[in-house]
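Asks: The following block contains the structure, expressed as structure tokens.
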Amino acid sequence: MLSNTWVLAAVAAVGAAAYFYQRLSYLRLRQYAHLPQAKPHIFWGHLVAIDKFMREATTKDGLVGGTDVVFQNMMASIGNPEIMLVDVRPFNHPILFIRSHLVAEQVTKQTKLMPYSVGKSPTMEFVTPITGENSIITSSGHKWKDLRKRFNPGFAPQHILSLLPVITSKAKPFVKRLDDLAKSGETFTLEPLLTSLTFDIIGAVTMDMDFNAQLPKEQQSELVQNYQNLLATYRNDDGATPWWLNPHTRIKRNWLRKPVDNYMRKYIREKAEEIKTSDKKNRSVLALSLQDEEQVTDEMVDSTIDQLKSFMFAGHDTTSILLQWAIYEVFRHPRILKTLRAELDRVIGTDPDPQVIYNAFDTRGDEIMREMTYTSAVIKETLRLHSPAGTARFAPVGSNFHIKLVDGSSVCVDGTILFNCQDQIQMDPEIYGPTVKDFMPERWLGNVNTSAEAEDIAGEDEKAAINQANETDIPASAWRPFERGPRNCIGQELANIEGRFILACAVRRYDFTKVGRGEAKLGADGKPLIDEKGKHISDNEPFGVRQITARPNDGIEMRVKLREM
């Protein structure tokens, strides 16, 4: 009897093992065999391949370029197809990395099957402590549509332009801090200066609140202090590890979000009452979203909290990153710096007094913004080379969502996370030509006049590179830092206006010198050495690291002095 039991148990075990093997074989080797991918391991999927490429990309400075470089290299190893599947189950759904702008456009456009484009990925749950469960960033369907309609007026271009005096007022502490650093000559990083500035701006624009983020921490608003404590838990966390492998961090984040939510709940109630009883016109994003509401319910307040947290996060973080990279790129390209300054001198005037630029933007900001064509090109090129974020969508099982490839074939991608890789789409040599790796604002101008103000310092090789950049016909869908389609970034106009103004403040008044990674080599005359493309020669460069968004690894370490006129 006992022997029969052992036999039955053995047969059951063999049967279970056979079933497990067959099931695993299907999931790893056959389910997505129609999609380009590295060779999967039958048990580990692509985790073994990821580990291999991570080891190869790791240097004495760590993983230079972060996980983005790992997947770039993995894709290159299989011939750089338009798409690449990476199977990381059970830690996440399979991920489809997209490097073709044509495929990316299919994911983000409106269709009959997906009327608001493909919905957001469940991986976005990673950011819910800082954005909320009902955030416009992570919500889908009609809920997202209603939120977008409610908050669109506060981000309309003309409305943002009307708030320029609010934006310029927040730049004054920033300029004062740079003046002090210019006097001391000490080394500093741009990140905390720009992040505190963009925090102050987003607080004023969205909530009509003075965050005091540029003051010492103990003098900052309670909301900012609590929100920054929450953000600090995301430092050195790129979201690749599931929360259930580190539940302590999830518990800590949920605890830290409570004082943020409580503060906002009280503030929203007060503002709603103020709108009803006061004749004072409030033009903040919050005020515009509440002005037509007859009754402010608890549900509406909770939803508004999530949107304001989302605007706080996206509005301070990505703009700060943009400006860090822009200042770095401009000041290591002397010709670009000279061309940019020539435009600003023409549009604003040559007086270095910061009050001059404040007055100019306050009184004729709309006109100035239209004339800042080269400045806009600098911003656009910065976002091409250093895009802070991509978009992750999800095609549910059974949705029958297909994408069309360049060869005309159509493949079903149900059950996969669809990740538009901006760092690869916007660095595609087939689109951007031989200057794909070069910082060339001219590629975004209608035409290039190399006999302009900066021609005297542009060599023949650099002029040729400029012309090559300009001759490249760039499809609109190949530049997507704010993404495209109905779910493009609601705050992109604020970021553009803010970026142009702050960059103008920095470039007109100061000379920045890179320190550490990216520091220029000096010639016998003590001046930076310049290569054939007009860029400072250095031994290495800052690189992007991902902490929710992609940011410079060193915060852009600098020294600054007042501009020599």
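Values in this text are rule-based calculations from the coordinates and carry no lab data. Computed from a predicted model, the values in this text were never measured in an experiment. Don't worry about glycine lacking a Cβ; one is built from the backbone with ideal geometry, like all the others, and counts go over all protein chains shown.
Asks: Roughly how many Å is it from the Cα centre of the range 352-376 to that of the range 31-69, as a whole number?
Replies: 47
Asks: So for the pair A33, L113, with labels modelled 7 Å out along Cα→Cβ, what separation do we get in nm?
Replies: Distance between the two pseudo-spin positions: 2.3 nm.
Asks: Could you order peptides 43-56, 308-321 by the average number of other Cβ atoms within 10 Å of their residues, highest first?
Replies: Ranked by mean Cβ neighbours within 10 Å, highest first: 308-321, 43-56.
Asks: Give a residue-ordered list of calculated ³J(HN,Hα) values for the range 128-137 (Karplus: 6.51 cos²θ - 1.76 cosθ + 1.60, θ = phi - 60°; whole Hz; x for Gly, Pro).
Replies: 3J(HN,Hα) across the range 128-137, in whole Hz: 4, x, 9, 10, x, 6, 10, 5, 4, 6.
Asks: Same structure, new question: Which order results if S303, S162 are arranged by neighbouring Cβ count within 10 Å, fewest first?
Replies: Ordered by Cβ neighbours within 10 Å, fewest first: S162, S303.
Asks: Just the Kirkwood number for the range 510-565, please: inverse of mean 1/r across all distinct Cα pairs, in Å, one decimal.
Replies: Evaluated on the range 510-565, it is 12.8 Å.
Asks: Let me ask something else. For semi-axes √(5λ) of the Cα gyration tensor in Å, which listed value, (i) 46, 31, 23; (ii) 42, 32, 23; (iii) 42, 27, 21, comes from the coordinates shown?
Replies: Identified label for the calculated read-out: (ii).
Asks: Which value in Å is the Kirkwood Rh of the range 378-424 over different Cα pairs?
Replies: By the Kirkwood definition, the hydrodynamic radius is 12.7 Å.
Asks: Label-point separation (nm) for N80 and R283, each offset 7 Å from Cα along Cα-to-Cβ?
Replies: For the pair N80/R283, the computed spacing is 4.7 nm.
Asks: For the range 194-222 and the range 265-281, compute the distance between their C-alpha centroids and round to whole Å.
Replies: 20
Asks: Give the cross-link partners of K533 among the lysines, using a straight C-alpha distance below 24 Å as the criterion and excluding same-chain residues fewer than 8 apart.
Replies: K338, K380, K437, K463, K514, K521
Asks: Something else about it: Using mean Cβ contacts within 10 Å as the protection proxy, how do 328-336, 529-537 order, highest first?
Replies: Descending packing order for the listed peptides: 328-336, 529-537.
Asks: Could I ask something else about it? I want to check the label-to-label distance for R364 and W6. Put each point 7 Å from Cα in the C-beta direction and report it in nm to one decimal.
Replies: 9.7
Asks: Calculate, for D531 and D180, the FRET efficiency according to 1/(1 + (r/R0)^6) with r their C-beta to C-beta distance and R0 41 Å; round to the nearest 0.05.
Replies: 0.75
Asks: For the chain, find the longest principal axis of its Cα atoms and tell me its angle to the long axis of helix 460-471, 0 to 90°, nearest 10.
Replies: Tilt relative to the chain: about 60 degrees.
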